[in-house]
Each structure stands twice: as C-alpha cells, then as structure tokens.
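The values are calculated or read from the model by the stated rules, or taken from the named source; none is laboratory data. Bear in mind the structure is a predicted one, so any value in this text is a computation, not a measurement. Quick reminder, even Gly has a Cβ in these numbers, built from the backbone with ideal geometry, and neighbours come from all protein chains shown.
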Amino acid sequence: MFSIHWAYGPTATLGYGLSLNNATQTASTVSIRYDETWMDVPAGKTILTALEASGIGFVRGVGCRGGICGACAVLYRIPAKSHALSAALMCQENVQEGMEILPLPYVPQTKVPHCLNLLEGETPGYHVLRLYPEVNNCIMCGECVRVCPKDIDVMGYVGMIKRGDLKGAAQESFTCIGCQICVLRCPSSISQPNAALAARRWYGRFQQPQAEHLTKMVEKIETNHFAPIFRWMRHMDHMEFQALYLRREYEPDDSPPGTWLPDDQRLL
C-alpha cells in the first residue's frame, strides 16, 4: 500500500508541507485539525478534496478517489459529538466541524511470503491457518467490524478462516481494500486483510470450480493464438495505434452480464 505524501502549495505554508490560504473562516467552511494543524477548509467536501482546496498538494497515495485502494485511510474523532475514534477513507468521508484527523500512511503488519502449493495430506484451510495462526487469538471484540470503512464483517471472516471455511471467508472479504485499519485496532495483533487474501488465493487455486472460458483463453495464449494480431499492432505507428484505441468498442451499461460481445472478436 502506498503512503500518502503531500507537496508545498502556492500559498502560505505550515509544518509538514501544509499550505493554507489566509482567508478567515466563513459559513461555507469548517475548522478541522489535520496532522496536528488546525485549518479552515471548504464545507461539503470530502476530506481529500477539502484539503486540496485549502492548498495541500498530495502527490501520491490518493490516486483512485473511488474508495477502492485504501491508501488514504485516516482515523478521526469529533470531540463535540463523541469520544469515539472512527476510521474512514479521505476520498469518501466528508469534513465536519471540529473533526480531528490522523492520516495513516503505513501500518506495520504480518505478511507471510508463500507459494500456491500444498504439502502432501494438507488441506487448503489448514494451510491458511498455518500461515496466519494468529487468527486463533481472536477475542471477538468486534473492533475490526466497527472501524472497517467498507462495512465488512471482518470478525466473521476471521471465524470462517478458523473453521476452515475458505469459500465463506473469500466471499465475505471480497471487497476488502487492504487499508489495514482493522490491523491497527486489533488487540490480538491479527493481520486480517492478509489472512483473508491467503484464504481467497487458496480457495481460488484449490477449491473454486475453474471457469471454462478462462481455461480456453489460457490455452489460446499458450498456443500463440493471438501472436499474429499482436505483431500487426506492434508495427503500427503512434497515430494508427491511437486511432485504434479511440475506436475501441464499449460494453453498454445496460447490457445483461455475460451477453455482450464486440463486433471485432479477434482477441476472444
């Protein structure tokens, strides 16, 4: 996961590369505290866009802006409303008056190197447990569920891994973005996203039924079925290739899943 970095903006600057405009707070702004600095930012915007509008220039770690990469995870508290510490993604959560925000550029975690294989007589479920035995230390406090910005039942899929139910764990953790907030808050030091990733990998490799169309596509690739068209594309000049890209076919938004096919089927 990428760290979040920011650069100096064109306006007056504060510590840690934060830059602020000197305008006074109006009804269209709210006061927030970001990385130990109080500032007035535009109301009604996400944390990310509000900070950028106030002069902070992020240079990496905020690329997706769609809530799917997890790099812009933060913890925050609004003392006037509650003492509770909450978690969010800067690209999804709107700023609120009095919000105190802590960015999380990196969370140390357990990440076990592995290959997709099994020892003789070993089941996929047991293998995942052998990689991440700390899941057995879960005390079912529910803190991981409370802080997850994607509303995943993290405690639930940890229990599935403990029981060897890799299919259930894979399905429940499918939308995990790896922001690691659950890792930060877990009192049992479980690396939930990495254990879930292992569950999805071993389920997909050893237990999930293989997709017939993918098997056929792999066979075509291995037999160089697409080599002639790739040679043709490699010999295009820049303008020809750009024109080909601009003419590419799009699947209609209202097309039922699995029914649409392009007119040009040379790559199918």
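Looking at Arg65, Arg77, can you tell me which residue is closer than 25 Å to Pro108 by Cβ and among the charged types (D, E, K, R)?
On the way: Arg65 fails: closer than 25 Å to Pro108 by Cβ.
After applying the criteria, what remains is Arg77.
With the requirement that a residue be among the aromatic types (Phe, Trp, Tyr) and surrounded by fewer than 17 Cβ atoms within 10 Å (Cβ to Cβ), what does segment 116-143 give you?
At the first step, the residues of segment 116-143 found to be among the aromatic types (Phe, Trp, Tyr) are 126, 132.
Residue satisfying the conditions is Tyr126 alone.
Of Arg163, Arg185, Arg201, which residue is within 30 Å of Val62 (Cα to Cα), surrounded by fewer than 21 Cβ atoms within 10 Å (Cβ to Cβ) and modelled with pLDDT of 95 or more?
Every option except Arg201 fails the conditions.
Taking the residues in segment 170-182 that are in contact with a helix residue (DSSP H, G or I) (Cβ under 6 Å, 6 or more places away or on another chain) and touching a residue at least 40 places away in the same chain (Cβ under 8 Å) as candidates, determine which candidate is surrounded by the fewest Cβ atoms within 10 Å (Cβ to Cβ).
Of everything passing the filter in segment 170-182, Gly178 is surrounded by the fewest Cβ atoms within 10 Å (Cβ to Cβ).
Can you name the residue in segment 36-48 that is surrounded by 18 or more Cβ atoms within 10 Å (Cβ to Cβ) and of a type outside the set (A, V, I, L, M) and, of all such residues, is farthest from Ile177 (Cα to Cα)?
Once the filter is applied, the top-ranked residue is Asp40.
For Ala53, which of the numbered conditions (1) at pLDDT below 95; (2) closer than 23 Å to Pro79 by Cβ fails to hold?
(2)
Can you tell me how many residues within segment 183-216 are farther than 21 Å from Tyr106 by Cβ and without any contact (Cβ under 8 Å) to a residue 60 or more places away in the chain?
Of the residues in segment 183-216, 11 are farther than 21 Å from Tyr106 by Cβ and without any contact (Cβ under 8 Å) to a residue 60 or more places away in the chain.
Going through Cys91, Cys69 one at a time, which residue ends up being under 25 Å from Glu143 (Cβ atoms), out of contact with any helix residue (DSSP H, G or I) (no Cβ under 7 Å at 6 or more places or on another chain) and at pLDDT below 95?
Cys69 is the lone residue from the list that is under 25 Å from Glu143 (Cβ atoms), out of contact with any helix residue (DSSP H, G or I) (no Cβ under 7 Å at 6 or more places or on another chain) and at pLDDT below 95.
Filter segment 144-160 for residues that are without any contact (Cβ under 8 Å) to a residue 40 or more places away in the chain and outside any helix (DSSP H, G or I); which is surrounded by the fewest Cβ atoms within 10 Å (Cβ to Cβ)?
Residue satisfying both the conditions and the ranking: Asp151.
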